[in-house]
Amino acid sequence: MAAEFEMPVLSVRHLNKQYGPGCVHCQAADSPSLVKNYCEICGTVYACRDVSFDVFPGEVLGIVGESGSGKSTLMQCLYFDQEVTSGGAYISDYENGERNLFEESSQQQRFIRNHMMGKVYQNPMLGLKMNFSSIGNIAEKLIAAGSYHVGMMEARGTELLEKVNIPIHRRKEEPKKFSGGMQQRVQIAKALSNNPPLLLLDEVTTGLDLSVQASVLDLIKGLQRELNISIVLVSHDLGVIRMLADRTMVMLDGKVIEQGLTDQILEDPQHAYTQQLVHSLL
């Protein structure tokens with residue numbers, strides 16, 4: 001686990017994301033006009049509310065919560081798929097962790113995305129070009145990060161596809177011809193192509209058969225150990241969190257309601273919602 005003096009790979013501070021303008025009735029945290037995270041008066045949804053956390057080197061942080069809890073919105077904000085309403089995020093490898101990523105230009109954000117992060121989406125169609133070859137998808141990420149040497153890209157793509165157990169003879173095939181589990185493996189290979197310090201995994205096993213889920217999770221666990229990469233892993237499935245996460249953060253209605261070591265959260269949950277989640281797993 002992370003030592004006290006270790007600098008986080010990623011620090012997120014007071015991240016807020018709302019859809020809608022907000023009004024005098026709902027802007028107070030304990031407003032009676034809010035039903036969960038929705039204002040009945042002005043229609044604003046508070047998707048993420050004052051979310052703060054750190055991810056340390058080589059650590060897997062699990063984020064768990066029901067549908068609509070804000071966990072996928074949080075991931076979209078971290079990967080610049082959406083703009084935040086307010087808050088900060090800092091990566092230690094970028095400007096010594098002193099620049100708020102959300103305040104950088106779109107050009108700089110592309111640079112950060114291409115060099116310092118990889119993301120695996122729940123829906124492979126968001127993370128892959130389905131009509132490109134699998135190796136072409138990896139090359140696309142490498143080109144975005146400034147690689148132009150065809151031989152190097154071919155070698156790197158082949159190496160990564162092998163690592164995620166895609167047969168070599170299928171590397172020129174398009175992901176649309178692959179099963180869901182294989183598409184997720186290609187996404188993982190693409191996300192890892194530039195050796196990013198941080199990997200974002202958003203519900204990567206949802207919709208896969210149980211045996212396929214298990215093999216994808218085994219793959220992630222093996223790669224994480226081998227590469228010592230830091231991972232933020234979002235899931236509504238505590239079984240996935242238990243298998244992979246060192247620490248766990250529980251979200252409900254856009255807020256972080258509990259966080260701690262995964263074993264501690266699963267064995268001695270403090271919040272009533274977390275207790276309910278854990279009991280549903282037993």
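Brief remarks follow.
- Candidates are the residues of region 161-176 that are of a type in the set (Val, Ile, Thr) and part of a loop (DSSP other than H, G, I, E, B); the one that is nearest to residue 135 (Cα to Cα) is 166.
- Of the candidates 249, 243, the single residue that is surrounded by 14 or more Cβ atoms within 10 Å (Cβ to Cβ) and either in contact with a Phe, Trp or Tyr (Cβ under 9 Å, 6 or more places away or on another chain) or assigned to a strand (DSSP E or B) (or both) is 249.
- When region 99-146 is filtered for residues that are over 28 Å from residue 181 (Cα atoms), polar (S, T, N, Q) and out of contact with any strand residue (DSSP E or B) (no Cβ under 7 Å at 6 or more places or on another chain), the ones remaining, listed by number, are 105, 106, 107, 108, 109.
- Inter-residue pairs, beta-carbon under 6 Å, first over 13 Å from residue 128 (Cα atoms) and in region 177-201, second hydroxyl-bearing (Ser, Thr, Tyr) and in a loop (DSSP other than H, G, I, E, B), 6+ apart: 200/79
- Residue list for region 246-279, restricted to those being polar (S, T, N, Q) and either within 26 Å of residue 220 (Cβ to Cβ) or free of Cβ contacts under 8 Å to residues at least 12 places away in the same chain (or both): 248, 259, 262, 264, 274, 275, 276
- Residue list for region 67-98, restricted to those being among the polar types (S, T, N, Q), farther than 24 Å from residue 122 by Cα and assigned to a helix (DSSP H, G or I): 96
- Residue in region 213-240 that is surrounded by the fewest Cβ atoms within 10 Å (Cβ to Cβ), counting only those that are of a type in the set (A, V, I, L, M) and within 10 Å of residue 60 (Cα to Cα): 229
The numbers here are math on the coordinates, done by the rules we state, and not lab data. Quick caveat: nothing in here was measured; it's all calculated off a predicted structure. Neighbour counts run over all protein chains shown; Cβ positions are idealised from the backbone, glycine included.
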